[in-house]
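To start, the structure under review is shown below, and the notes come after it.
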Amino acid sequence: MKVLFVEDKIETIKGIVEYCKDQCWTHKIIDKFDDFEISIDDFDPDVIVLDWKDDADDTDKGDDILEKIWLNGYKPIIIFSAFADIIKLGDKYKSSNLIRCQPKGDEQPVIEYLDMISPFVQVISSLKKEFNDALINALNSIEMMSKTLPLDEKIMRYVFAKRVSTYFDGEYRDETPPLNPPPWIQYIYPAISNTLCVCDILRSIPDNNMEVNNAGQPEEYYINLTPSCDVAQSRVTRVLCAKCCSKNKFHDVSTSIKPSNKQLNKIISLLNTGYKNGLVPLPGIPNVIPYLTINLKEIVLHPIEEIAPFSKDISDKHKYCRIASIDSPYREQIVWAHMINSCRPGVPDRNMDLWAKVLMSP
């Protein structure tokens with residue numbers, strides 16, 4: 001890993017620098033803010049530890065360096081400054097939870113941040129190169145699109161974005177051996193869409209709002225069943241939701257610390273089906289969402305104005321908060337289960353005993 005320090009008082013980062021040496025991480029120290037732009041291009045760091053330029057009387061001056069990082073090859077950043085408590089970052093920077101502000105004096109949180117980032121830096125670097133390849137492939141559609149002009153700019157962007165997505169889908173679908181990702185791969189966490197989507201996971205907001213992103217009790221969670229387009233186009237004032245319950249409600253197998261292969265195979269078969277008698281299993285996200293069962297027979301309506309789309313948006317009017325979205329095609333599997341549960345036509349009773357006997361006869 002390559003760590004770039006932007007710091008004019010080198011004695012304040014001695015412990016962090018020594019830790020980098022112990023971990024055999026490549027590092028570079030810039031002690032003049034004016035040298036930053038040249039150094040970041042030459043060094044190409046994986047992560048940046050940034051002192052904030054100037055002083056408490058004019059904390060906005062440090063923003064120019066942050067802006068250059070943001071616009072010219074984003075890197076995970078920790079701002080290590082004596083003025084961390086009073087620095088006000090612009091709203092756009094809040095879209096990344098990898099920008100951290102840490103007051104000087106305690107180097108350990110910076111070390112912990114670097115430890116957290118280190119397993120991912122090689123993947124991030126490779127992914128940036130793959131994005132370039134994906135864009136090259138996406139732009140191959142320009143010749144075809146030019147024959148259908150005029151096209152709205154948003155449509156062009158949509159076509160390119162879909163082709164980039166398809167490029168990556170193909171890259172990993174064709175892996176040999178096939179990928180076997182963890183169950184939580186079906187979630188989009190943190191959520192991305194600004195509006196509520198079908199199969200978004202909602203949670204009742206606990207008394208302490210700060211705990212909303214920590215795993216709660218299963219009964220505190222709901223899943224939205226209202227179509228995404230209806231919400232986006234403001235066609236609804238209330239959203240249809242199914243209540244969640246304990247993970248064990250999904251199956252009738254006795255729980256055991258050491259389940260038998262027969263028991264495991266039965267549950268695996270149910271999980272592959274993805275649905276049982278109006279019940280749908282959901283995996284957990286460590287420390288965020290517990291393992292859940294959606295009860296499609298327990299339906300409630302929540303006023304849409306009572307749902308915060310992100311935890312940062314929670315106010316006094318909100319009773320629920322979106323915690324995560326569910327990606328395609330997993331959301332379609334849940335919608336399919338909801339359709340089966342809610343749309344099955346009722347028919348009059350018939351003599352099923354007689355019918356069964358005929359079917360069993362030679």
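Derivation of every value follows stated rules applied to the coordinates shown; laboratory data play no part. Note that the structure is a prediction, hence the values are computed from the model and not measured. Counting neighbours? That spans all protein chains shown, and the Cβs are built from the backbone with ideal geometry, glycine included.
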Query raised in the report: P(r) of the range 186-343 in 10 Å steps, Cα pairs, percent per bin?
Result: 11, 41, 34, 12, 3
Report summary line: Kirkwood calc, the range 271-362, C-alpha pairs only, radius in angstrom 16.9
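Quick check on the exposure proxy: order Y221, Y189 from fewest to most C-beta atoms within 10 angstrom. Display every interim value, and only then the final one.
Working: Y221 24, Y189 16.
Result, fewest neighbours first: Y189, Y221.
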Query raised in the report: What does the highest-first list of 255-261, 339-345, 280-286 look like by mean Cβ count within 10 Å?
Result: 280-286, 339-345, 255-261
Query raised in the report: If you take the alpha carbon radius of gyration of the chain and divide it by 2.2 N^0.38 Å, what ratio comes out, to two decimals?
Result: 1.26
Requested in this report: Show that you can apply the helix-only estimate: for the chain, add -39,500 (n - 2.57) for every DSSP H stretch of four or more residues, divide by all residues, and state [θ] at 222 nm to the nearest 500.
Outcome: -10000 deg cm²/dmol
Requested in this report: Please give the residues of the range 169-201, grouped as numeric ranges, whose backbone N is less than 19 Å from a label point set 7 Å along the Cα-to-Cβ vector of D91.
Outcome: 191-196
Query raised in the report: For labels at S193 and D8 in the simple 7 Å Cα→Cβ model, what's the distance in nm?
Result: 4.8
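Hydropathy at least -1.0 by Kyte-Doolittle, axial extent at least 20 angstrom from the Cα trace: which helices of the chain, defined as entire DSSP H runs, fit?
121-138, 153-173
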Query raised in the report: Can you give the relative contact order of the chain as a percent, counting alpha carbon pairs under 8 Å and 6+ residues apart?
Result: 13
**Report entry** Relative contact order %, the range 2-121, counting alpha carbon pairs below 8 Å whose residues are six or more apart
**Finding:** 26
Query - Dipole of the chain [Lys/Arg +1, Asp/Glu -1 at C-beta], most positive-end residue of C343, N248, A82 - result: C343
Report summary line: One finds, for K357 and D230 with R0 = 41 angstrom and r their Cβ-Cβ distance, a FRET efficiency to the nearest 0.05 of 0.30
Query raised in the report: Which peptide among 90-99, 64-73 comes first, and what is the full order, when sorted by highest mean count of other Cβ atoms within 10 Å?
Result: 64-73, 90-99
Query raised in the report: To two decimal places, what compactness ratio does the range 126-173 give when its Cα radius of gyration is scaled by 2.2 N^0.38 Å?
Result: 1.22
**Report entry** Additional length obtainable on full extension of the chain from L127 to L149, 0.36 nm per residue less Cα span
**Finding:** 4.7 nm
Query raised in the report: Where the centre of each part is set by its Cα atoms, how far does the range 313-344 sit from the range 171-248, in angstrom?
Result: 6
Report task. Output the Cα-based Rg and Dmax of the range 142-202 in Å, rounding Rg to one decimal and Dmax to a whole number. Result -> 16.4, 44
Report task. Could you work out the mean projected area of the convex hull around the alpha carbons of the range 2-121, in square nanometres to one decimal? Result -> 6.8
